[in-house]
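To keep things clear, I will list the structure first and then write my remarks on it.
The values are calculated or read from the model by the stated rules, or taken from the named source; none is laboratory data. Here the structure is a predicted model, which means the values were calculated and not measured. Here the Cβ positions follow ideal geometry from the backbone for every residue, glycine too, while neighbour counts run over all protein chains shown. SASA here: full protein model, heavy atoms, side chains in, ligands and nucleic acids out. Shrake-Rupley method; radii C 1.70, N 1.55, O 1.52, S 1.80 Å.
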Amino acid sequence: SKTWTTHIEGYLPQKLMLARTIICPSLAAIEYNPTHMTDALTVLQDTFGFEQFRSHQSDIIESLIAGDDALVLMPTGGGKSLCYQIPAIVRKGCGIVISPLIALMKDQVDSLTELGVRANFLNSTLDARSVSEIEDSLLAGEIDLLYIAPERLIQERTLSLLKEINISLFAIDEAHCVSQWGHAFRSDYLSLNLLHTEFPEIPRIALTATADARTREEIISRLELGNAGQYLAGFDRPNIRYTIAIKDNPRNQLLRFLKDEHPQDAGIIYCLSRKKTEETAHWLQQQGFNALPYHAGLSTDIRATNQSKFLREDAVIIVATIAFGTGIDKPDVRFVAHLDLPKTIESYYQETGRAGRDGAPADAWMVYGLQDVIKLRQMLENSDGSEEHKRVEQHRLNAMLGLCEITSWRRHALLHYFDESSPEKCGNCDTCLSPVN
């Protein structure tokens, strides 16, 4: 398989961020013609409002239009969505995107509809009548782009339906969910190799923002993407300033950070427990901030309301567990703060990557303590994973702790973890700006 390594210089503007996880129409059997890249540029300009592709997008799009499979690893905000939206539009039929982001599907479909793309979704939030209407529209060729949850895709009814329509491509978003070594394993993703066996002529693209070498190998193996081109974009987010400190009255540390750096900005604060999430949001409200909690224990209505306020209003702070964030398309998040240590560098990178997607300066701020390490190790020991899995996760936790404790340049160590070389001194992390003597 081919491998391209591309350094992303900057990030796509706000309009593109509205359409992060999607696809569109096409026909698997279409023959590749070089003029299709001219068609792709027209779609880029007329539908999405951008003048030119970035180089990595052009390579991926040309490959998919030609009918090849692809594995794409690209940072949050790097423009992954266009890499399958445009090939799907240039080809004929309907693009099918498999996504775990049920809570966000409606927002994503609404954003695409505003751009003139005929988009819809199928997931467990719909009643039987709505499902039937969408299926009829799909059979009539009236949908360019369909979001679908993995658990629905693998149902026999859905597979039979898909075999009756023209499909342009399959996009497997958040592909790291297939890996049992990754940070967001979803068991339904293990069945997605059926796309290779049931629809062998239709190109597939798997996309993720974070995956180390072991996770990439498992994605390729489990999804049967051995012949796919691999497109590994650079991990560096130069506009994000990384700051990590030891806990010393963490609420006061957080309050100083917010008042000094981001008094009127939107941001995300991550906590390890649901209780701490709610207590922190309530405390921030008392300090005059517009802070809202988000975790899986809240009702669906409360989560949806708080998420909507965060996406649509200014200067809203979401205090959340890791249940929040994946697929969030808000370009002007000025900071991501951690009041507890993340489990892995992969998680930390993905969560901090939700800041500064518009390319403007942003902060990744964290405080950690010994109790965080003890709690995470206890959670790991009490988990249902195999001993091998626990050993790997312990190794990843140690790597996360190592990133916190180093006195050398933070960004260099972070990029080195993902096998990316970089200058040792970045000039935009705490250890560069305030070196330890």
Using the Karplus curve 6.51 cos²θ - 1.76 cosθ + 1.60 with θ = phi - 60°, work out ³J(HN,Hα) for each residue of segment 425-434 in order, rounded to whole Hz, and write x for Gly and Pro. 9, 9, x, 9, 9, 4, 6, 7, 6, 9
Could you tell me which of Gln230, Gly288, Ala149 has its Cα farthest along the dipole of the chain towards the positive end, charges placed at Cβ (Lys, Arg +1; Asp, Glu -1), taken about the Cα centre? Gly288
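Using a 1.4 angstrom probe, figure out how much accessible area segment 212-314 has per residue, in square angstrom, rounded to the nearest whole.
On the way: 5050 Å² over 103 residues.
Here the residues of segment 212-314 average 49 Å² of exposed surface.
From the cross-link list Lys275/Lys309; Lys375/Lys425; Lys276/Lys309, which pairs have alpha carbons spaced over 28 Å apart? Don't jump to the answer; show the numbers that get you there.
Values: Lys275/Lys309 21 Å; Lys375/Lys425 33 Å; Lys276/Lys309 21 Å.
Exceeds cut-off: Lys375/Lys425.
Whole-Å semi-axes of the chain's equivalent ellipsoid, largest first, each the root of 5 times a Cα gyration tensor eigenvalue?
Details: eigenvalues 255, 109, 96 Å².
Over the Cα atoms of the chain, the semi-axes work out to 36, 23, 22 Å.
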Quick check for you: which residues of segment 282-311 have the amide N under 20 Å from the point 7 Å beyond the Cα of Asn382 toward its beta carbon? 295-298
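Report the full-extension gain for the segment Lys92 to Asn252: residue separation times 0.36 nm, less the Cα-Cα distance, to one decimal in nm. Could the numbers behind the result be given before it?
Values: separation 160, 0.36 × 160 = 57.60 nm, distance 5.66 nm.
Gain on stretching Lys92 to Asn252: 51.9 nm.
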Order of 70-83, 340-353 by packing, highest average Cβ count within 10 Å first? 70-83, 340-353
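When you count, for each residue, the other Cβ atoms within 10 Å and take the mean per peptide, how do 198-208, 258-268 rank with the highest first?
For the peptides 198-208, 258-268, the packing ranking is 198-208, 258-268.
Take each of the peptides 236-245, 142-151, 381-390, 401-410, average the number of other beta-carbon atoms within 10 Å over its residues, and list them starting from the highest. Please list the in-between numbers first.
On the way: 236-245: 20.1, 142-151: 21.8, 381-390: 10.5, 401-410: 16.1.
Averaged packing, sorted descending, gives the order 142-151, 236-245, 401-410, 381-390.
Given R₀ = 25 Å, FRET efficiency for Val373-Ser434 by Cβ-Cβ distance, to 0.05? All intermediate terms of the calculation are to be shown ahead of the outcome.
On the way: r = 24 Å, r/R0 = 0.96.
The computed FRET efficiency comes out at 0.55.
Restricting to DSSP H runs of at least four residues, report the calculated mean residue ellipticity at 222 nm for the chain, -39500 (n - 2.57) per run over all residues, nearest 500 deg cm²/dmol. List each step's numbers first, then the result.
Numbers: 18 runs with 173 residues, N = 437.
Value at 222 nm, helices only: -11500 deg cm²/dmol.
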Can you list the lysines whose alpha carbon is less than 26 Å from that of Lys163, not counting same-chain residues fewer than 8 positions off? Lys92, Lys106
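Which value, in debye to the nearest 20, describes the size of the charge dipole of the chain about its Cα centre when Lys and Arg Cβ atoms bear +1, Asp and Glu Cβ atoms bear -1, and nothing else is charged?
Values: 43 positive and 58 negative charges, 221 e Å.
Computed charge dipole of the chain: roughly 1060 debye.
What's the carbon and sulfur percent of the chain's accessible surface, probe 1.4 angstrom, rounded to a whole number? Could the numbers behind the result be given before it?
Numbers: 8560 of 18200 Å².
It is 47 percent, rounded to a whole number.
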If you take the beta carbon distance between Asn227 and Ile165 as r and set R0 to 30 Å, what does 1/(1 + (r/R0)^6) give as a FRET efficiency, to the nearest 0.05? 0.75
Between 0 and 90 degrees, rounded to the nearest ten: what's the tilt of helix 55-65 against the longest Cα principal axis of the chain? 30 degrees
